[in-house]
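First comes the structure, then the notes that go with it.
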Amino acid sequence: MKVSNLRDIRRSWLLRGDVPAGNLESQLGLTVYRSWQRCLHSGLEAFQKQLPDNILSGSILQSRIDQRRDLIALAKPTMNYLHGLMSGSGGVIILSDHQGVIVHSVGDAQFVSKADRVLLKTGASWQEKHRGTNAIGTALVERTAVSINGPEHFLENNGFLSCTAAPIFAPDGSISGVLDISTDKNAYHPHTIGLVKATVHSLEKQLFCSIESQYTLVLKVHSSPEGLGSMGEGLMGLDENGTVLGVDRAALSLMEINVLDIGAVKIQQLLDISLDRILDYAKKDQSKIYELRTHFSKSLFFKFALNSSYARSHQTKNFDIAVDLSEEQANVSHIEEFESGALKQLSRIAIQKTLEKTNGNISLAAKLLSISRNTLYRYLKSEPKR
C-alpha cells in the first residue's frame, strides 16, 4: 500500500487508538496486521521516545555466542560473501540466535553507525515484545521469511529501516537462528527476500551435512532425476528403524510432511517400499537413482547413502555369522566322516538284523548301531532296492 496511507493508519490507530474504517487486514497485509496486534497486546507504544534496553553484554552475551558457535562458523563465510555483493550500497547482514538476540553482524560502516542508534547490533534482542514489528522478531513468530519496510515497523524510531529476514531451521525442525539483511528504507529491493531465502536454504543444507554422520541412512530426494544434487534437492536422515530424525524444508515439501512428523514418522509409512529394500539399495550402489512412489501416489526420485560405520558394523556381524556357520558345517562334516567310517565296519546283514529287532524303528536302530538317525536314513536311501 502507499506509504502515505500507511502513515495515516499509524497515526489513527497506533497514536490515537482509533481503528480506521475498512479492512485493516487487507490494507496492511496479514503479517504486519497480526504483528501490530501482538505489539499492542504486549503494551508497546509505537511513538515512545525511550528505546527499550534489552541488550546483553559481557559473559552473558559471550555465553549466547558460544551456544551458537557452530552456526556462526557456518554462516560467517556466506555473510561475508553477501556483504561483498552489497558493498557500497549501505546495509548490514545480521545473524540472530533462536530467541532473536544478535550474535554476529557485518556491514558498511556508515550504515552500521545508524543501526547502532536503534540498537541493531550484537547483543540486542529483536523479539517483537522488545522491538515491535521487525523482520527478525516477526520471522521468528511467523516461522517464515518476511520483509518489513519503513513505516511497517511498529516502533516509529525504526521507520528508516528496510529489513528482510528468514528463520534458519535445524534438521530436527527447531529454529537455530535468523538471517537478516537490513538497509535504509530507500534502498529496499523486492528481490532481497529471494536472496535471503536462498542463503538460508544453503545454510540449512550445511547444518544438515554437519551432523550427517549421526544418521544411519541419508536420503536425497527431488521431483526429477536431474534435480538430485541441485540446490532444490531435499535431504532426510533416518535411524536404523527408518524413523525420520532430520529433514530440510525442501524434503518437507516434497514428502508432504511437517516438522511435527520429525522423530515420529517412519520412511516406510511415507513410501511404497520396505526399509529392508531401501537398505539393500544403499548397500549396492549409492550413486544410482531410484524412482519411488509415496503413499499419496506421488512419484519422486531418490539416492540413498548408508552411514559407513553402520555398514562396517553389519559387515562384522555378517562375518561372525558366516564364521559360526562354517564352524558348524565343519563339525557336521567331521561327524559325518566319522560315521561313514563306522558304517563301513558294519555289514549290510548286521544293519538289516538290527532294523528287524527294532521293528523298523530307525531311531532305535541308529542308537544300537552307535550312529546318528540321519546317517542311517541316508544309508538306507542309498541302498539299492532288491
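Here is how the numbers come out for the structure above:
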read-out	value
Residue check for Tyr188: among the aromatic types (Phe, Trp, Tyr) and either more than 23 Å from the chain's Cα centre (by Cα) or open to solvent by 50 Å² or more (accessible area, probe 1.4 Å) (or both)	yes
Residue among Gly88, Gly100, Gly84 that alone is touching a residue at least 40 places away in the same chain (Cβ under 8 Å) and either under 25 Å from His130 (Cα atoms) or open to solvent by 50 Å² or more (accessible area, probe 1.4 Å) (or both)	Gly100
Some residue of the range 265-288 being modelled with pLDDT of 95 or more and under 22 Å from Ile175 (Cα atoms)	yes
Of residues in the range 141-156 being under 18 Å from Tyr188 (Cβ atoms), touching a Ser or Thr at 6+ places or on another chain (Cβ under 8 Å) and assigned to a helix (DSSP H, G or I), the one least open to solvent (accessible area, probe 1.4 Å)	Gly150
Enumeration of residues in the range 12-37 that are in contact with a Phe, Trp or Tyr (Cβ under 9 Å, 6 or more places away or on another chain) and either part of a helix (DSSP H, G or I) or within 15 Å of His153 (Cβ to Cβ) (or both)	Trp13, Leu14, Leu15, Leu24, Glu25, Ser26, Gln27, Leu28, Val32, Ser35, Trp36
Some residue of the range 13-27 being open to solvent by 70 Å² or more (accessible area, probe 1.4 Å), under 32 Å from the mean Cα position of the chain (by Cα) and β-branched (Val, Ile, Thr)	no
Odd one out for Ile181, checked against (1) open to solvent by 20 Å² or more (accessible area, probe 1.4 Å); (2) closer than 24 Å to Arg68 by Cβ	(1)
Contacts under 7 angstrom Cβ, first residue in the range 108-125 being closer than 24 Å to His98 by Cβ, partner in a loop (DSSP other than H, G, I, E, B) and charged (D, E, K, R), 6 or more apart	Ala115/Lys121
Of the criteria (1) under 24 Å from Ile72 (Cβ atoms); (2) out of contact with any strand residue (DSSP E or B) (no Cβ under 6 Å at 6 or more places or on another chain); (3) modelled with pLDDT of 95 or more, which one Phe208 fails	(2)
Wholly enclosed strands (runs of 3 or more DSSP E) of the range 199-308 bearing at least 3 residues open to solvent by 20 Å² or more (accessible area, probe 1.4 Å)	290-293, 299-306
Qualifying residue in the range 157-178 (condition: at pLDDT 95 or above, assigned to a strand (DSSP E or B), open to solvent by 10 Å² or more (accessible area, probe 1.4 Å) and under 16 Å from Gly29 (Cβ atoms))	no
Only listed residue being at pLDDT 95 or above, open to solvent by 60 Å² or more (accessible area, probe 1.4 Å) and acidic (Asp, Glu), chosen from Asp66, Asp8	Asp66
Residue list for the range 69-81, filter: of a type in the set (A, V, I, L, M, F, W, C) and surrounded by 13 or more Cβ atoms within 10 Å (Cβ to Cβ)	Leu71, Ile72, Leu74, Ala75, Met79
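The values are calculated or read from the model by the stated rules, or taken from the named source; none is laboratory data. Note that the structure is a prediction, hence the values are computed from the model and not measured. Ideal geometry is used to build each Cβ from the backbone, glycine not excepted, and the neighbour counts take in all protein chains shown. The accessibility values were calculated without ligands, DNA or RNA, using every heavy atom of the protein model including side chains. Shrake-Rupley method; radii C 1.70, N 1.55, O 1.52, S 1.80 Å.
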